[in-house]
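To keep things clear, I will list the structure first and then write my remarks on it.
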Amino acid sequence: MLLLVTMVMLVLSTQEVDGYSTFVPTSQCSSMVPGHGTAGPSNPPYELLVDKQTYNTGEQITVTLQSTGLDTFKGFFIQARLVGQDQPVGTFTTINVNTTETVDCTPGTQNAIGHTKITGSTIEEKTAVSVFWTAPSVAVGDIQFIATVVKEYSTYWVNAVASPIITHPTATQGPTNVPMATEATTPSSSTITTEGCGVTKGCYGVPDGCSPPNCDYLSTWVTDATGENVIIEITGKTDGYVAIGFSHDIVMADDDIYECMRHPDGNIEVFSSYSTGHTKPTREATNSGVSNVEVAFSNGLLSCRFHRAVRQTARAGAGADQYFDLGNSSYHIFLAVGPTQLQSDGTVLINRHTSRAYSAQPVDVTSISLVAAAGVPLFVKLHAGFMISAWMFTVSIGAVLARFYKPMWPNSTWCGVKVWFAVHRAVMTLTVLMAVAAFVLIFVFKEWTFVTGLNNTIHAVMGIIVTSLGVIQPFMALCRPGPDAPNRVVFNWFHWGFGTVARIMAIIVMFLGLGFPFLGLPAAATYVMAAWVVWQALSEVILEQVTNLKCCGQNKENAKASPDHDEIEMENKKGASANDLDPEPKTSNPPGSAFKSAFLAIYLLILTGFAAAMFTFIALL
């Protein structure tokens, strides 16, 4: 029971945790701001030194962070950035693994470095630390090393320590517009707006009704004065890419795609590409599908505007059907954002999207309309519904009955076994079946791949562990020793322990799932889930106290030392009936039965209400 109380405290206390005293979290890659303390005075007593003033591609530079006086520091975070940009470049290597550790800032790897994880309670104070930095394999322009330094938990300097600018002899800074479009301009991000949506242009934004900069992504379209071209605008919250695709279906297969992509050096390009089946999009060789390109990147918003012919000629080396005829057909519109990846040959390609959305109905982009999102995909809804049913509803009933209701209904049996056990077995079987179904559904939807992002990864990994523990439980029960076997108590503790760990982890996983931005769940969903956790813990505390009250004939002295002391066999290996397992069948309900029966009815009613509320939230997505 203490575990459940701890569970409540854990879940309720992890909603807003900002202190990172032991290591640099990847969520701080962009801002480089520690989640604790306050910024220090304006002049930090530290400096960044480098052993070279210029660099060549692939060259290694030694970077040293040191105190300018007697001050020490405990934590630090260093990146190499293009001058005037916030994208980390190059890779770091540790010199001393006891003091430094590399960090993967999306979309790169080992492109930042910070203090190492602390294994003890004391953090070493340092006056200097050195690391190696290796330049990219292609010239990206002038760079500068910047650092956030933490003197104490409560005092730090953000991006206040910088090295001299390191130049590349032959590199020039990339422009902010597309190289092949000489007529391109560089608008501010505010030029893509929702003004005129549904009146002078068609629009599709996520979430519905949003306006930049509050849109996760937004697309607009309108035909030009000649009627021969569609002017398409796309913008999204990303420093990697935002893409728009036209599709005959909603599964992103055989699509006409346009990528608005930002290079690590800050250059932005628009590419015409197509996908065959579920393969990675292939770029059209001459990029003839786009013209009149305008681009911008400001305040975390990546934006592109371009022209696409209503009736485009065939792609180079491809069939004519790989450019969709926008004048004679309607298509589902897909929007996606995600990271980019620098290839070994210096090219930059898009990675798998981190989020996407698609229109509820096919859209004619030569007409003016307001397009609604299709909402959350059915597979995701089913995954959420099955997991809520399993880990919020059925497993809670099964655990309560097994823990507190074994002595009840002594003269009744269902399916040849005691009532509590018949229900326990049924709901726990349902729990496993629904968890496995949810597991398969989401992996099929995600094409058996993981999505990027810390919360996504934690949710997925913990979900796999929870499902595995759930699947193990019935097989463990089939191997249960007899009631009088000497190792029965060991089994009981393992069976109870696996189940309890699975329940606690499942609650954490569900809370993480509620926070996924693409779901768009209201805050009320989190409040309902938190209220259920409190109700579940409170119910078990009440039943525990009632069970232990002497007036109810269940004092602690009479309780056995295992959490499952009155279990019965899943399979009766000795040929006895279920009632034979109780040497002295009771003829009347034990003391406290009336209260327990009434409380069970109240418990089930409220539990059903919580589950129904969560199902409603999911159905409305």
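For a 26 Å ceiling on Cα separation, which of these pairs sit above it: LYS280/LYS446; LYS52/LYS237; LYS201/LYS280; LYS201/LYS237; LYS151/LYS237; LYS201/LYS381? Show your work: numbers first, answer last.
Details: LYS280/LYS446 14 Å; LYS52/LYS237 36 Å; LYS201/LYS280 31 Å; LYS201/LYS237 22 Å; LYS151/LYS237 33 Å; LYS201/LYS381 32 Å.
Table pairs above 26 Å Cα-Cα are LYS52/LYS237; LYS201/LYS280; LYS151/LYS237; LYS201/LYS381.
Could you give P(r) for segment 321-364, binned at 10 Å from zero, as whole percent values over all Cα-Cα pairs?
23, 31, 32, 13, 0
Based on other C-beta atoms within 10 Å, arrange CYS197, CYS203 from fewest to most. Could the numbers behind the result be given before it?
Details: CYS197 20, CYS203 24.
Ascending number of Cβ neighbours within 10 Å: CYS197, CYS203.
Once you treat every alpha carbon in segment 22-162 as an equal point and sum by Debye, what is log10 I(q)/I(0) at q = 0.19 Å⁻¹?
For segment 22-162 at q = 0.19 Å⁻¹, log10 I(q)/I(0) is -1.12.
Where a ≥ b ≥ c are the square roots of the eigenvalues of the C-alpha gyration tensor, would you call segment 189-358 rounded, which needs a/c under 1.5, or, failing that, prolate if a/b is larger than b/c, or oblate? Can you show the working numbers first?
Working: a/c = 1.41, a/b = 1.03, b/c = 1.37.
Rounded.
Assuming R0 = 51 Å, what is the FRET efficiency of VAL199 and VAL490, from their Cβ-Cβ distance, to the nearest 0.05? Each step should come with its number before you reach the end.
Numbers: r = 73 Å, r/R0 = 1.42.
So, using R0 = 51 Å, E works out to roughly 0.10.
Which far-off residues, 5 or more places away or on another chain, put their amide H under 5 Å from the one on TYR46, with H placed in the peptide plane?
Under 5 Å from the amide H of TYR46: THR68.
Hey, fewest Cβ within 10 Å first, where do THR340, THR62, THR91 land in order? Walk me through the numbers on the way to the answer.
Details: THR340 22, THR62 13, THR91 19.
Going from sparsest to densest Cβ surroundings: THR62, THR91, THR340.
Subtract the Cα-Cα distance of SER31 and THR457 from 0.36 nm times their separation in residues, and report this length gain in nm to one decimal.
151.2 nm
Over segment 22-162, what is the relative contact order in whole percent, taking alpha-carbon pairs under 8 Å and six or more residues apart?
Numbers: 309 pairs, mean separation 50.4, N = 141.
The normalised contact order for segment 22-162 reaches 36 percent.
Could you please rank THR547, THR226, THR57, placing first whichever residue has the fewest other Cβ atoms within 10 Å of its Cβ?
On the way: THR547 20, THR226 7, THR57 15.
Exposure proxy ranking, most exposed first: THR226, THR57, THR547.
Would you pull out the residues with amide H under 5 Å of THR223's amide H, same chain only if 5 or more places away, H placed 1.01 Å from N?
The answer is ILE231.
Taking the Cβ-Cβ separation of THR413 and SER597 as r and a Förster radius of 22 Å, what is the calculated FRET efficiency to the nearest 0.05? Present the calculation step by step, with values, prior to reporting the outcome.
Details: r = 17 Å, r/R0 = 0.79.
Computed FRET efficiency for THR413 and SER597 comes out at 0.80.
Which whole-Hz couplings ³J(HN,Hα) result when phi for each residue of segment 393-409 is put into the Karplus expression 6.51 cos²θ - 1.76 cosθ + 1.60, θ = phi - 60°, listed in order with x for Gly and Pro?
Couplings: 9, 5, 5, 5, 4, x, 5, 5, 5, 5, 7, 10, 10, 5, x, 6, 6 Hz.
At R0 = 30 Å, how high is the FRET efficiency between LEU538 and THR429 if r is their beta carbon distance? Nearest 0.05 is fine.
Numbers: r = 27 Å, r/R0 = 0.91.
Here the calculated transfer efficiency is 0.65.
Using only the Cα atoms, what convex hull volume per residue in Å³ does segment 405-505 have?
Details: hull volume 12.2 nm³, N = 101.
Spelled out: Cα convex hull of segment 405-505, divided by residues, is 121 Å³.
Coordinate-derived values only; no laboratory data. From a predicted model like this one, the values you see are computed outputs, not experimental measurements. Heads up, the Cβs are rebuilt from the backbone with ideal geometry, glycines too, and the neighbour counts pull from every protein chain shown.
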